[in-house]
Amino acid sequence: MSASTLHTVYLVGAGPGDPDLLTVKALRLLQTAEAVVYDRLVSDEVLDLIPAGATRIFAGKASRRQGVPQEEINDMLVRLAREGRSVVRLKGGDPFVFGRGSEEAVHLVENGIPFEVVPGVTAAIACAAYSGIPLTHRGLAKSVRVITGHRRDNRALDFDWPSLADGETTLVVYMGLANLGLIARELMEAGAESDRPAAAIYRGSTPDQRVVHGTLETLAERVGDAGLTAPTLVIIGEVASLGETLAWFEPARAGDHQAPG
Ligand code: SAH
């Protein structure tokens, strides 16, 4: 097939769930897509923007070993592009932040398929905004670290913990729920104070958002008591102490299950 009949595959960030947080480019591409391959994290409200005639393909997410294997997704994107369809690969948040978008991009390059990446509002940015916890704040945090709390095949989290325990660094943990207790212990052993503020944000920016506040010592238990599940983002650092003062977002459905503070 000649290059001219190949369509570009768009690796598009869908943001954290609220369709108002899509970029204009993401919205435009979605509205003209012929095939959309999407992840579990993409919200129904965003999926509602896909035209009725477009093919929707659920690609699941490999994290829980369910869903479609990454190799199959890679091959599917190549196949759809070769069929000459305009393909959007829609991913929660940003495609290049723990989204495996880069693995798909490498596969597209290897197969000679043109692609573009459309950035999305990643969970760290969205959850910070919607929980009122700034990632940086003069006097409280002068840098931000973003880590995954879960590794492939449950491999050990072999971080340089002392560098993550720095008191003026905000630590953002994606996929951190299962290992939250372990992460907190490692940080405390590496020198972080046990009363360092921390918060967990469930489904940030959506009507289901819940925020649980605590400290390094208490957060894991509070999150357990509150029954938070994925997707939840954890923010650790002095900035989390601002969350109660700056909480501005009142999720529509919060009334009956607001988490304890
Ligand atoms: N590419 C995505 C991240 C995928 S990894 C992004 O840029 O946001 C999946 C993890 O992201 C979840 O386990 C959770 O930690 C986080 N996450 C994604 N969306 C979220 C949301 N709306 N609220 C809270 N955490 C979210």
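No value in this document is a laboratory result; all are computed from the given coordinates. What you are looking at is a predicted structure, and each value in this text was computed from that prediction instead of being measured. When we count neighbours, we look across all protein chains shown, and the Cβ atoms used for this are built from the backbone with ideal geometry, even at glycine.
Observations
- Separation of alpha-carbon centers, the range 24-42 and the range 193-243, rounded to whole Å: 30 Å
- Using alpha-carbon coordinates, inclination of helix 180-189 to the longest axis of the chain, degrees: 50 degrees
- Stokes-Einstein translational diffusion, the range 124-242 - Kirkwood Rh over all Cα pairs, 1.002 mPa s, 20 °C, in µm²/s: 154 µm²/s
- Per the Cα gyration tensor, the chain maps to an equivalent ellipsoid with semi-axes of 35, 20, 15 Å, ordered largest to smallest.
- Geometric descriptor of the range 3-121, per residue, is 88 Å³ (volume of the convex hull of the Cα atoms).
- Within the chain, antiparallel bridges make up roughly 40 percent of the DSSP beta bridges whose residues both belong there.
- Furthest towards positive pole of dipole, ALA33, VAL68, SER194, structure part the chain, Cβ charges: ALA33
- Beta bridges per DSSP with both ends in the range 124-242, % antiparallel, nearest 5: 70 percent
- Going from the fewest other Cβ atoms within 10 Å to the most, the residues ILE125, ILE183 appear in the order ILE125, ILE183.
- For ASN74, net neighbour charge (Lys/Arg +1, Asp/Glu -1) across residues whose Cβ lies under 11 Å away: -3
- Simple point charges give the picture: +1 on the Cβ of Lys and Arg, -1 on the Cβ of Asp and Glu, and for the chain a dipole about the Cα centre of about 560 debye.
- Relative contact order for the range 130-261: 33 percent, from Cα pairs under 8 Å spaced at least 6 residues apart, divided by residue count.
- The chain: relative contact order in percent, alpha carbon pairs under 8 Å with at least 6 residues between: 19 percent
- Ellipticity estimate at 222 nm from DSSP helix runs (n ≥ 4, -39,500 (n - 2.57)) divided over the chain, nearest 500: -7000 deg cm²/dmol
- Summed residue charge, Cβ within 12 Å of LEU228's Cβ, Lys/Arg positive, Asp/Glu negative: 0
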